[in-house]
Amino acid sequence: MRASVDRAGLDPQGRLPKVQIRRVRKGDLSKVRDVMEQTFGDFLERQLGTRPRQAFGGAQYVHHRWLMEPWGCFVAEEDSSKIVGAALAVTWGSVGVLGPVAVLTNYHNQTIGQQLIRAAQDFFDENKATMHGCVTYPTSPKHLYLYHKFGYRPKQLTAIMSRTIDRGPARGSALAKGAATAKATLTARRFSTLEEAKKKAALARIHKITNAICRGMDLAKEIEIVDGLALGDTLLLERGRDVIGFAICHSPGVSEAPAGALYVKFLAIDPPQKKPENLEQFVTIVEGLGQELGVQRVILPVYARYWTAYNVLIQCGYQIDFTMVRMQRGKQEDYEDPSDLVLDDWR
Ligand SMILES: CC(C)(COP(=O)(O)OP(=O)(O)OC[C@H]1O[C@@H](n2cnc3c(N)ncnc32)[C@H](O)[C@@H]1OP(=O)(O)O)[C@@H](O)C(=O)NCCC(=O)NCCS
């Protein structure tokens, strides 16, 4: 299917269809999911030469994102009856993250994508997100052109990395061999096991960590949706009683984890504690959770600007599955400190 050949979006008189952008309603959810799957399926088929059985390998984006941030989810609807495109957006405090965005292939290049992105931008502005970002395909001129129109600049690559954990011996420390720092002084606790009051305190502590990484960044709603819908769990990395890091983990089913994999959506270590060996220990702990859950792989995303974190993952035996380019616009556009130990995914 090529948009330029098969323009099913035109009405019998050859006029452009009447497409409206509106917020997602509950009854749209499975349709939106179909539009995403179909559109990305088409796109990947053109890129790879074969169509993947599932565009996202079983990962789900629509239902929980809508429950988490209903005001940030938009559809493009033709003649008030057919959903032909969708965009999801979320604010993490001061940071607005856009995506996925999809327009059915036959409706491409009719400004529908731009209308959806504009709606997401307005949502960011209403919520005072001062830094906006997304990831896209670095080799696609269309994507770079499209986001440029909205002021997004291409930054560095995000590498989606993974490691198989089902067989083989446990990984030894590559970073801190023999060093006193390799002592297992760090422990982990699951957010889901905390009492309500302790959850509040943990969220406040986590907010301090993310705020130290990027002023105003707040991941509370991502943690709460994972907890509320049991999409996985958030691991709290502790030294003694102090939380020094956290990892929002999705396990397969109805989350953003593909089948057979534990997927870390966001991991951060408190900047004053940013020793590479702390990240290495945390990765080992995350892999332990993966083993407990019986998955075969752990997926960790890393933005290449976090160069120390990227190097730690390479040393831990992680391989790059694919890369995307991060696009950013706004006030704190270059907020990242390359030595911060952060793994974050803006898909
Ligand atoms: C990316 C996507 C959402 C864009 O939707 P769309 O409705 O086709 O986009 P629009 O028509 O609003 O805008 C496309 C713009 O790119 C331009 N364009 C198209 N092909 C181009 C190319 N090869 N090089 C440069 N610009 C190009 C169009 O001319 C248009 O700009 P204009 O209005 O200034 O002329 C859609 O292509 C899609 O769903 N792709 C598959 C899924 C995907 O990749 N999602 C985004 C992941 S980040």
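Please treat every number below as a calculation from the coordinates, not as lab data. Just so it is clear, the structure is predicted and the values come from calculations on it, not from any experiment. FYI the Cβ positions are ideal-geometry reconstructions off the backbone, even for glycines, and counts take in every protein chain you see.
Listing for the model above:
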| item | result |
| --- | --- |
| Inter-part distance where segment 270-299 and segment 227-269 are each reduced to a Cα centre, Å | 10 Å |
| Distance from segment 311-343 to segment 128-165 (C-alpha centre basis), Å | 12 Å |
| Mean separation of Cα contacts under 8 Å, 6 or more apart, over the residue count of segment 19-129: relative contact order % | 29 percent |
| Relative contact order [Cα under 8 Å, 6+ residues apart], the chain, whole percent | 21 percent |
| Acute angle (nearest 10 degrees) that the helix 196-213 long axis makes with the longest principal axis of the chain, alpha-carbon atoms | 80 degrees |
| Cα-based helix-to-principal-axis angle, 276-293 vs the chain, degrees rounded to 10 | 70 degrees |
| Reachable lysines from LYS221, criterion Cα separation under 22 angstrom, eight or more residues apart if same chain | LYS26, LYS128, LYS198, LYS199, LYS200, LYS208, LYS265 |
| GNM top mover of ALA201, ALA309, ALA102 - the chain, alpha-carbon springs below 10 Å | ALA201 |
| Fewest-first sequence of HIS143, HIS207, HIS132 by Cβ atoms within 10 Å of each Cβ | HIS207, HIS143, HIS132 |
| Per-residue Cβ neighbour rank within 10 angstrom, fewest leading, ARG53, ARG297 | ARG53, ARG297 |
| 222 nm mean residue ellipticity, helices alone, for the chain (DSSP H n ≥ 4; -39,500 (n - 2.57); rounded to 500) | -9500 deg cm²/dmol |
| Prolate/oblate/rounded label for segment 191-347 (Cα gyration tensor, a/c 1.5) | rounded |
